[in-house]
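The values are calculated or read from the model by the stated rules, or taken from the named source; none is laboratory data. For clarity, every value in this text was computed on a predicted model and none was experimentally measured. For neighbour counting, all protein chains shown are included, and Cβ atoms are generated from backbone atoms with ideal geometry for every residue, glycine included.
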């Protein structure tokens, strides 16, 4: 028999999700505990923008995806 621990995301501080290096995890911050959801959303958008800016995707890379 398998047992998994269930984590209630609304009990985790939203800021913890923003500490990740994984952009997918940033979005979980919306579900986290916070006093100021507007600030969390602003930080998520900022971190996602920074993440996309660091990626250097060329036209060649995009064309390779569709082959």
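Observations on the model:
- Top-ranked residue in segment 19-39 [being within 8 Å of the chain's Cα centre (by Cα) and part of a helix (DSSP H, G or I); ranked as surrounded by the most Cβ atoms within 10 Å (Cβ to Cβ)]: 29
- Of the residues contained in segment 1-9, one or more are found to be part of a helix (DSSP H, G or I), touching a strand residue (DSSP E or B) at 6+ places or on another chain (Cβ under 9 Å) and at pLDDT 90 or above.
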